[in-house]
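> Can you read through this structure? Questions will come right after.
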Amino acid sequence: MHPHELLVPTAAGLCCKPGGFHIDPVRPVERALITHGHSDHARAGHGTVLATQETLDMMRLRYGDHFAGRTRAVRYGETLQLDEVGVSFHSAGHVLGSAQIAVTCNGLRIVASGDYKDVPDPTCAPFEVVPCDVFITEATFGLPVFRHPDAAHEVCKLLDSVRLFPERAHLIGAYSLGKAQRVIALLRAAGYDAPIYLHGAMETITRYYESRGIALGDLRLVRGMKKADLAGTITLAPPSATSDIWTRRFPDPVTAFASGWMRIRARARQRGVELPLVISDHADWDGLTATIKATGAGEIWVTHGEEEALVHWCKTQGLAARPLALVGYGEEDDEGGVAGGEDAA
Amino acid sequence: MNRFAELLDRLSFEPGRNNKLRLITQYFREVPDPDRGYALAALTGALSFKHAKPGLIRELIAARADPELFALSYDYVGDLSETVALMWPKTLASSSIKEPPTPPPQGGRE
């Protein structure tokens, strides 16, 4: 079987005709397999949605009870037969409940990894290498300049700054699903046990993480706090809020942003960030290239991000590689983040 | 000099004068000599680097990186030194090549 008979990019997203489903479709379809809960991958309005329990829960929290006609929860490692095709979900290490989806038919296996990272994260299961013939990789940070430092080191930078400026508030921009909870967990792991404050938009998902057994310590809403009482504190907010009039409630705030984009100075300046924290939920260049090798795949399809450089690298390694023309993926659209497709000037 | 690099980064992003002063004060309090002395010289413009010119930097990275990956990266980042610093191979410096001792800086301007 030719890989293209098994999975083919269409306007609605990656389509598996022999299995009768789409993966992370951007338009409503009859049957959707969803890799994770970020809004550019998990959309409302499909007939049937198959995803991990956590992803289904997050979709319900975001879109309401009627986000899909029917749902089916799939466990990591469980194999389903959909028409002629075997399907299994494997941990992607990106956010809580995130999965890679392996699609197998007539001895040919393709793994659609969705978004992934290969470094430890206290808030989700670790990335699993799934051997395959064709590996579909993201390329959000697909340039060799993107090499994320140890996240614990970045959190130390933040804590040093909190100590040095005890009269200022520290305001951390972080995506509300995954990044925020990871930053909180890293702060706790570094021994920071003071209350951490949340923007209201962070609350639902953060409480959901706690309900899944992820301990995040004393969390409070920033709403209703007196300005003076926020001196010396840490608050997490969606990235768009950190450049908003909302920040006036904080005493001389130090604006931080936790993102892989913060590796590039121009990116930090563009957003008026004073304390860039290079903490990413996507694999960096070294992670992407190491993962591609580890899968043993002879053919690599590269999607959303810096496809060109990664395709070039694959070819230098003797791997067949091509960019997949998929549109509609990037950073979460509801948070005004640095969009993946934004001009990188 | 990584601590100094962190200081410069922080200073370049911090708009407030008093906050900058506090960052500098803290640096000089906690960093020992001779790094602190080099940092003082660098901050006051008393250091010169005869050989660290764009041509040399390009040569160094050309010997260490795939030219197409470098071109794509430079195009993306927009700054030569920053691009080279970010894509500098990790393993080369620590394993195969021994880091040369820091040369004494030259006093005065050219």
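> Using the beta-carbon distance between B:ALA63 and A:HIS153 and R0 = 45 Å, what value does 1/(1 + (r/R0)^6) give for FRET efficiency, to the nearest 0.05?
Efficiency for this residue pair is about 0.95.
> Ok, one more. Using each residue's phi in region A:247-253, evaluate 6.51 cos²θ - 1.76 cosθ + 1.60 at θ = phi - 60° and report the 3J(HN,Hα) Karplus result to the nearest Hz, with x for Gly and Pro.
For region A:247-253, the Karplus-derived couplings read 6, 5, 6, 9, x, 5, x Hz, x marking Gly and Pro.
> Express in whole angstrom the spacing between the alpha-carbon centres of region B:1-32 and region A:185-201.
25
> At a Förster distance of 41 Å, what's the computed FRET efficiency of B:ASP75 paired with A:ALA73, Cβ-Cβ distance as r, to 0.05?
0.40
> How many nm separate the modelled label positions at A:GLU5 and B:LEU11, each set 7 Å beyond the Cα in the direction of the Cβ?
In this crude label model, A:GLU5 to B:LEU11 measures out at 6.6 nm.
> What is the percent carbon and sulfur in the accessible area of region A:217-319, measuring with a 1.4 Å probe over the protein chains and ignoring ligands?
Using a 1.4 Å probe with all protein chains present, region A:217-319 comes out at 45 percent carbon and sulfur.
> Just want the answer: with Cβ charges of +1 for Lys and Arg and -1 for Asp and Glu, which residue in A:ALA152, B:LEU86, A:MET59 is farthest toward the dipole's positive end in the protein assembly as shown?
Selected residue: A:ALA152.
> Ranked highest first by the average count of other Cβ atoms within 10 Å around their residues, in what order do A:107-116, A:314-323 fall?
Most protected by this proxy first, the peptides run A:107-116, A:314-323.
> What's the buried accessible area, both sides, between B and A using a 1.4 Å probe, rounded to 100 Å²?
Chain pair B/A: roughly 2700 Å² of buried accessible area.
> Let me ask something else. If a/c stays under 1.5 just call it rounded; otherwise compare a/b with b/c (prolate if a/b is bigger, oblate if not). Do that for the protein assembly as shown, with a ≥ b ≥ c from the square roots of the Cα gyration tensor eigenvalues.
Oblate is the answer for the protein assembly as shown, as a/c is 1.5 or above yet b/c matches or exceeds a/b.
> From the phi of every residue in region B:60-65, what ³J(HN,Hα) in whole Hz does the Karplus formula 6.51 cos²θ - 1.76 cosθ + 1.60 yield, where θ is phi - 60° and glycine or proline is x?
4, 6, 4, 7, 10, 9
> Tell me, which longest segment in chain A has none of the GluC sites (Glu not before Pro) that fall in DSSP loops with at most 12 further Cβ atoms within 10 Å?
That gives A:168-345 as the longest site-free run.
> Rolling a 1.4 Å sphere over the protein heavy atoms, what is the accessible area per residue of chain A, to the nearest Å²?
Here the residues of chain A average 37 Å² of exposed surface.
> May I pose another question? Helix A:151-164: angle to the longest alpha-carbon principal axis of chain A, degrees 0 to 90, nearest 10?
Here the helix axis deviates by roughly 10 degrees.
> Looking only at region A:28-46, which residues have a backbone nitrogen under 19 Å from a spot 7 Å from the Cα of A:LEU61 in the C-beta direction?
A:34-45
> For B:LYS20 paired with A:ALA290, estimate the spin-label separation in nm (one decimal), with each label point 7 Å from Cα along the Cα-to-Cβ line.
Those two pseudo-labels are separated by 3.9 nm.
> Please average, across the residues of A:141-148, the number of beta carbons from any other chain that are within 10 Å of each residue's own beta carbon, and give a whole number.
Counting other chains' Cβ atoms within 10 Å and averaging over A:141-148 gives 6.
> Kindly express, to the nearest 10 degrees and within the range 0 to 90, the angle between helix A:285-295's C-alpha long axis and the longest C-alpha principal axis of chain A.
It works out to around 30 degrees.
> Over the whole of B:64-71, what's the average partner chain Cβ count within 10 Å per residue? Rounded to a whole number, please.
Rounded to a whole number, the mean comes out at 3.
> Cα gyration tensor of region A:67-147, axes a ≥ b ≥ c as square roots of the eigenvalues: rounded (a/c below 1.5), prolate (a/b > b/c) or oblate?
oblate
> Please give the Cα centre distance for region A:300-320 versus region A:86-105, rounded to the nearest Å.
The distance from the Cα centre of region A:300-320 to that of region A:86-105 comes to 21 Å.
> Further question: What shape does region A:162-265 take by its C-alpha gyration tensor, where a ≥ b ≥ c are the square roots of the eigenvalues and a/c under 1.5 counts as rounded, a/b above b/c as prolate, and the rest as oblate?
Rounded is the answer for region A:162-265, as its axis ratio a/c remains below 1.5.
> On average, how many beta carbons from a partner chain sit within 10 Å of the beta carbon of a residue in B:77-89?
Mean number of neighbouring Cβ atoms from other chains: 4.
> A further question on this structure: Multiply the residue gap between A:THR48 and A:ARG223 by 0.36 nm, knock off their C-alpha separation, and tell me the result in nm, one decimal place.
Between A:THR48 and A:ARG223, full extension yields an extra 59.2 nm.
> Amide H to amide H, which residues 5 or more places from A:ARG220 or on other chains are under 5 Å from it, using H placed in the peptide plane?
For A:ARG220, whose amide H was placed from the backbone, the distant partners under 5 Å are A:ILE196, A:TYR197, A:LEU198.
> Test of the criteria: in region B:1-55, which trypsin sites (Lys or Arg not before Pro) are in a DSSP loop and have at most 15 other Cβ atoms within 10 angstrom of their Cβ?
B:LYS50
> I've got another one for you. Note down the nm distance, to one decimal, between modelled labels 7 Å out along Cα→Cβ at A:ASN106 and at B:LEU43.
6.9
> Oh, and also: Work out from phi, with θ = phi - 60° and the Karplus expression 6.51 cos²θ - 1.76 cosθ + 1.60, the ³J(HN,Hα) of each residue of region A:178-187, listed in order in whole Hz, and give x for Gly and Pro.
Listing the rounded values in order: x, 5, 4, 5, 5, 4, 4, 4, 5, 4 Hz.
The values are calculated or read from the model by the stated rules, or taken from the named source; none is laboratory data. Note that this is a predicted model, so its numbers are computed, not measured. Note: ideal-geometry Cβ built from the backbone for every residue, glycine included; neighbour counts use all protein chains shown. Heads up: the accessible areas ignore ligands, DNA and RNA and are worked out on the full protein's heavy atoms, side chains in. Shrake-Rupley method; radii C 1.70, N 1.55, O 1.52, S 1.80 Å.
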